[in-house]
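Asker: Structure provided below as structure tokens; questions to follow.
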Amino acid sequence: MRKVYHKIIKISGNVITVEAEGAAYNELAEVTSARGVSLAQVIRLDGNQVSLQVFAGARGISTGDQIRFLGREMTVSGSDALLGRVFNGRGVPRDNRPEVTDDATAIGTPSVNPAKRIIPRNMIRTNIPMIDVFNTLVESQKLPIFSVAGEPYNELLARIALQAEVDVIILGGMGLKYDDYLIFKRTLDEHGALSRTVMFIHTAADPVVECLLVPDMSLAVAESYALKGKRVLVLLTDMTNFADALKEIAVTMEQIPATRGYPGDLYSQLAGRYEKAVDFDSAGSITILAVTTMPGDDVTHPVPDNTGYITEGQFYLKGGRIEPFGSLSRLKQQVNGRTRSDHRAIMDAMIRLFSDYRSTLEKQSMGFRMSAWDEKLLKYGKRFENEMMDLSVNISLENALDLGWEILADCFDRNEVGIKTDLIEEYWPEKA
Amino acid sequence: MTQEKILEPVVGVNGNMITVEYSGRIMQNEVAYAAVGDARIKCEVIRVRGKYADLQVFESTNGLKVGDMVEFTGELLSVELGPGLLTQVYDGLQNPLPLLAEKSGFFLQRGIYLRALDREKLWHFTPIAQAGDKVIPGDRIGFVMEGVVKHYIMIPMRWQGEFIIDSITAEGDYTIDDCMAQVKNAAGEISKVTMTQHWPVKIPIADYAEKLLPETPLITCQRTIDTFFPVATGGTFCTPGPFGAGKTVLQHAISQNAEADVVVIAACGERAGEVVEILREYPDLTDPRTGRSLMDRSIIICNTSSMPVSAREASVYTAVTLAEYYRQMGLNTLLLADSTSRWAQALREMSGRLEEIPGEEAFPAYLESLIASFYERAGLVRLRSGETGSITIGGSVSPAGGNFEEPVTQATLKVVGAFLGLSRERSDARRYPAIHPLDSWSKYPSIVDKKQLDYARGILHRGSEVNQMMKVIGEEGTAMDDFIVYLKSEFLDYTYLQQNTFDAIDGATPAERQRSMFNDVYEVLQTPFTFDDKEEARKFFLKLRQLFTDRNYMAMDGDEYREQSETIKNTISGGSRKDA
């Protein structure tokens, strides 16, 4: 029988400090208060003073409440019974169905040995030209969608999830609006994907500490599926809420903040989650797509900034379109050399010209006369925006490449596009 | 020296830092092991205060309790040096990762420490010293061949005093632990010399006659670097840049093409995926200088972002110590650290846990001096044997928000000899490598003529000014001469500065080809073309650009290349004849 402790000497934010013996770092405990029983986790040991973060929040906890250490760390089930189910951040069912406890694995497992990873090789087709042609998504990639409130990022996330050929989808919602959760659920249901989906949902109304667990729970489940050879896609929305929850705990613990109140280990914390994306040598894979909302559309804000350094690129969603500038898929080189011989050339040339188009737009807005070259760029830019960038465009990679040549030939002469001559000869469409 | 085990109890755990109450003798930076259940996890003393010592833990502290015992070793954090380091992949504490994978599978289990070098492998030893020779630490007594590297076996550099060789082992095949020589010190005590030795990573190996001024360029086959912002053998450089600007791609290109004997890559706090690319691809790539696999000259230290933070702090020191060891063989080594910002962040995390008074952006106040002393471990030296050896250090920096004003970039700029600043603006426009041609600088001599280079730089500057001006007054308001300067600067950018890393030919331009290319580009730059209107000028330069770009992808010794060069010549003179 484990000993029960009563001496709570400090309650601050969602962290309580209790005098106790023999508690282990990161161990779980049960706090019994007038509000019921809540889980808590040890986050600091200092002599006999043990600090714990309380998942349900410290509100309503009294100095005389009971604390019982459980002698184990947080676990989650990795069994197939999870498919089609919805849980909260602590792994408790949200869907009024029974708990799943078999096949329990610890969350926040150690890092994968780099020697056991393989180079990602498989393209994930989305039929969105801005992704397939310009910033190809690759299996086992970790990629955030940088966006601001009001943009259709959750819709984009859902669309990619449904189009991607994966075995299991895991949705981790952090600070999600309840409506958004319902929309996700409905969209997945309509496309018959619910039965291969596991959801860990923390809504904006739930205690903030639970939010911290969502990525670890989602990724631990993803890992156990991937080790069984499944290709898993993990969707995390929104990681900025996760970072804010970290900040809240750090400030409560009186840690010295690094930038804008965020703790100095924000990079390592985010990396610890994103790095779970993996293509296992002789097993399955985990691909992570996450939403990071940028406060004030500021990409230099600590959360998007640290994320950008960790992830393998980012999709920059702005004005309902994936922006070609700022968007990047670092892994595209792994696959776009093997799709079609003109893929890289089209990708580079069209973006370069689009960048020139943007400067021409600036000139135009200042009222300068447009040269013949400017006119060409303007025509090109319009077509590019309408036929490539628009999110409603739904065409295969090959069709998108053909369309690219068609647009280039329509707007420019052969030697104006900066593509190697042999490719021009092979692909340049003859004008009718 | 047999010591009693010093065991002290844990009294506090705060993330990856533990506090121990001690009664015995404790050394700063001493290595200790904390017992958690069955596992023993490695720690290092980082502060001693009163009766408490703070230790950083190199692994997860999960499960650690107050009262758990910590065993002190009396040793500083060290690495093992000897034949077999090349081709290895280590974590920040010199654990061989492939072996670890065999032992513990997919995940990095804590508390497993393996020997860095293969103790079974036989090396063919050839003695060069004789019994009766007087030797001091660092002196060579023989060598083994490690691939193409002549790997000298030395009297351990950590030893002190003078020795006389008592006996030396005959030529033959031995393992690293076999005795290669017995030496006697002044007091007549006999010690055994094997092929290996240990060295504490945080102390530089200073066993050389003198440090020399680095002046010869280290050819990286990257045109922007070698021609415009050269790096010297034994010099230092940094590549700061916002995320996605191509820091890592550039570092990989340098590590593949640089003309160094040994390349140590420290993947410090970055993505595991990048290391995987190196691990899987380098064995199949050939080093053009030796014809062998690129892996044969590489050592990879890999402490990626999700691996323990304290080991990340140690990893750059581990890397530079290995580089110093090969420098002692009279070799030119190149150390690439990606990224030093993650290392600085590891320092910041620990400083925060120690509750030190924070400096700018919460980095510790001693950040600058640590960065400076790290880069100072680079250099060209004359060894006591008369040979020269060098370490060139290239560190990438990942400034928060892409802002170069932040402390890590600023501290780095103070101590490096070349600054290759990557810009978001250039990478957005897909102008790779995104090294900014106006902001970057180098204090080292270039491979091309300085006058011509200054002229080319002038064109870039004026071209950029004209471009700015055109944004204000429009193209029609720009004078023809200015417009041509602008076109020339764009031409130089497209055909020379931009380079396709993923192409076998364009991706690596040897020094000879760079000189020849630069001459051609220079000719275009200084030819006074005249045109009837701007449209004609633009067309002409676009054509020229296409000819040059196509040639960049042709092998230099082929007929195709010669023909293309001929066409280029004619086109240039065709353009300038109009002038007459």
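Asker: For the range A:346-370 and the range A:221-265, what is the separation of their Cα centres, given in Å?
Answerer: If you average the Cα positions of each part, the centres end up 39 Å apart.
Asker: Separate question: May I ask you to list the residues of the range A:402-426 whose amide nitrogen lies under 20 Å from a point 7 Å from Cα along the Cα→beta-carbon direction of B:Thr567?
Answerer: Residues passing the 20 Å test: A:413-426.
Asker: Okay, moving on. Only bridges with both residues in the protein assembly as shown count here: give the DSSP antiparallel percent, nearest 5.
Answerer: Counting DSSP beta bridges with both partners in the protein assembly as shown, the antiparallel share is about 65 percent.
Asker: Going 7 Å from the Cα of A:Glu99 toward and past its Cβ, which residues in the range A:7-34 have a backbone nitrogen under 14 Å from where you end up?
Answerer: Only A:29-31 pass the distance filter.
Asker: Of the beta bridges DSSP finds with both residues in chain B, what % are antiparallel, to the nearest 5?
Answerer: Around 70 percent of the beta bridges assigned by DSSP in chain B are antiparallel ones.
Asker: If each residue of separation counts as 0.36 nm, what is the full-extension length gain between A:Arg72 and A:Arg383 once their alpha-carbon separation is subtracted? Write down the numbers at each step before the final one.
Answerer: Working: separation 311, 0.36 × 311 = 111.96 nm, distance 5.95 nm.
The A:Arg72-A:Arg383 span can extend by a further 106.0 nm.
Asker: FRET efficiency for B:Ser576 and A:Leu391, Cβ-Cβ distance as r, R0 = 60 Å, nearest 0.05?
Answerer: Values: r = 50 Å, r/R0 = 0.83.
Efficiency, from the Cβ-Cβ distance: 0.75.
Asker: Additional query: Measuring from a point 7 Å past the Cα of B:Ala186 along Cα-to-C-beta, which residues in the range B:141-176 have an amide N at less than 13 Å?
Answerer: Flagged as within label range: B:160-164.
Asker: Any idea what the relative contact order of the range B:235-374 is, in percent, if you count C-alpha pairs under 8 Å spaced at least 6 apart?
Answerer: 27 percent
Asker: Helix B:309-327 versus the longest principal axis of chain B: what is the Cα-based angle in degrees, 0 to 90, to the nearest 10?
Answerer: The angle comes out at about 80 degrees.
Asker: Run the simple label-point estimate for B:Glu21 and A:Asp422 please: 7 Å along Cα→C-beta, distance reported in nm.
Answerer: Label-label distance for B:Glu21 and A:Asp422, simple model: 7.5 nm.
Asker: Can you give the charge dipole size of chain A about its Cα centre, rounded to the nearest 20 debye, using +1 on the beta carbon of Lys and Arg and -1 on the beta carbon of Asp and Glu?
Answerer: Numbers: 48 positive and 58 negative charges, 149 e Å.
The calculated dipole for chain A is roughly 720 debye.
Asker: In percent, what relative contact order does chain A have, based on Cα pairs under 8 Å that are 6 or more apart in sequence?
Answerer: 16 percent
Asker: Could you work out how far the C-alpha centroid of the range A:56-133 sits from that of the range B:468-501, in angstrom?
Answerer: Comparing the Cα centres of the range A:56-133 and the range B:468-501, I get a distance of 54 Å.
Asker: Could you tell me the center-to-center distance, by alpha carbons, between the range B:1-54 and the range B:316-361 in angstrom?
Answerer: Result: 23 Å between the Cα centres.
Asker: May I pose another question? Using only the Cα atoms of the range B:6-76, build the gyration tensor, take square roots of its eigenvalues as a ≥ b ≥ c, and label the shape rounded, prolate or oblate: rounded if a/c is under 1.5, else prolate if a/b is larger than b/c, else oblate.
Answerer: On the way: a/c = 1.45, a/b = 1.33, b/c = 1.09.
Rounded shape, in that the Cα axes give a/c under 1.5.
Asker: Taking a ≥ b ≥ c as the square roots of the Cα gyration tensor eigenvalues, with a/c under 1.5 meaning rounded and otherwise prolate when a/b beats b/c, else oblate, which class fits the range B:161-225?
Answerer: On the way: a/c = 2.99, a/b = 2.01, b/c = 1.48.
It is prolate, given that a/c is not under 1.5 and a/b is the larger ratio.
Asker: Now a separate question. D for chain A, whole µm²/s, Stokes-Einstein with Kirkwood Rh over alpha-carbon pairs at 37 °C and 0.692 mPa s: what number?
Answerer: 139 µm²/s
Asker: Now a separate question. I want to check the label-to-label distance for A:Glu323 and A:Val92. Put each point 7 Å from Cα in the C-beta direction and report it in nm to one decimal.
Answerer: In this crude spin-label approximation the distance works out to 4.1 nm.
Asker: Can you tell me the mean projection area, over all orientations, of the convex hull of the range B:123-195's alpha carbons? Units nm², please.
Answerer: In nm², the orientation-averaged hull projection of the range B:123-195 is 4.4.
Asker: Find the Rg to Rh ratio for chain B, where Rh is the Kirkwood radius over alpha-carbon pairs and Rg uses the same atoms.
Answerer: Radius of gyration relative to Kirkwood radius: 1.04.
Asker: So what's the back-of-envelope 222 nm ellipticity for chain B, counting only DSSP H runs of four-plus at -39500 (n - 2.57) apiece and dividing by all residues, rounded to 500? Kindly include the intermediate steps, with their values, before the conclusion.
Answerer: On the way: 13 runs with 176 residues, N = 580.
It lands at -9500 deg cm²/dmol.
Asker: Given R₀ = 30 Å, FRET efficiency for B:Leu438-B:Leu212 by Cβ-Cβ distance, to 0.05?
Answerer: E(calc), rounded to 0.05, equals 0.45.
Asker: Using 0.36 nm per residue of separation minus the Cα-Cα distance, give me the extension gain between A:Arg260 and A:Glu30 in nm, one decimal.
Answerer: Roughly 79.5 nm would be gained on extension.
Asker: Given axes a ≥ b ≥ c from the Cα gyration tensor, I'd like to know whether the protein assembly as shown is rounded (a/c under 1.5), prolate (a/b larger than b/c) or oblate.
Answerer: Because a/c hits 1.5 or more and a/b fails to exceed b/c, the protein assembly as shown counts as oblate.
Asker: Further question: At 7 Å along Cα-to-Cβ for each site, give me the label-to-label distance between A:Met370 and B:Asp449 in nm.
Answerer: Result for the modelled spin labels: 4.5 nm.
Asker: On to the next question. At 222 nm, what value in deg cm²/dmol follows for chain A if DSSP H runs of at least 4 each add -39500 (n - 2.57) and the sum is divided by all its residues, to the nearest 500? Can you show the working numbers first?
Answerer: Numbers: 12 runs with 142 residues, N = 432.
Helix contribution divided over all residues of chain A: -10000 deg cm²/dmol.
Asker: Next question. Is there a pair in A:Lys116/B:Lys414; A:Lys318/A:Lys379; A:Lys177/A:Lys332; A:Lys379/B:Lys569; A:Lys116/B:Lys65 whose C-alpha atoms are over 28 Å apart, and which pairs would that be?
Answerer: On the way: A:Lys116/B:Lys414 39 Å; A:Lys318/A:Lys379 22 Å; A:Lys177/A:Lys332 33 Å; A:Lys379/B:Lys569 35 Å; A:Lys116/B:Lys65 32 Å.
In this structure, A:Lys116/B:Lys414; A:Lys177/A:Lys332; A:Lys379/B:Lys569; A:Lys116/B:Lys65 lie more than 28 Å apart at Cα.
Asker: Counting only DSSP beta bridges with both residues in the range A:75-333, what percent are antiparallel, rounded to the nearest 5?
Answerer: 35 percent
Asker: Subtracting the Cα-Cα distance from 0.36 nm times the residue separation, let me have the gained length for B:Ala555 to B:Ile136 in nm, one decimal.
Answerer: 145.7 nm
Asker: Could you work out the relative contact order of chain B? I mean the mean sequence separation of Cα pairs under 8 Å and 6+ apart, divided by the number of residues, in percent.
Answerer: Numbers: 1198 pairs, mean separation 73.3, N = 580.
Result for chain B is 13 percent.
Asker: Evaluate E = 1/(1 + (r/R0)^6) for A:Glu430 and B:Lys414, where r is the Cβ-Cβ distance and R0 equals 41 Å; express this FRET efficiency to the nearest 0.05. Write out the running numbers ahead of the final one.
Answerer: Working: r = 59 Å, r/R0 = 1.44.
Result of the calculation: an efficiency of 0.10.
Asker: Now, a different point. Do any of B:Lys51/B:Lys202; A:Lys420/B:Lys534; A:Lys230/A:Lys382 go past 31 Å between their Cα atoms, and which?
Answerer: Pairs exceeding the cut-off: A:Lys230/A:Lys382.
Just so you know, all these numbers are worked out from the coordinates, no wet-lab data involved. Just so we're clear, the structure is a prediction, and the values are computed from it rather than from any experiment. Reconstructed Cβ throughout: ideal geometry from the backbone, glycine too, with neighbour counts over all protein chains shown.
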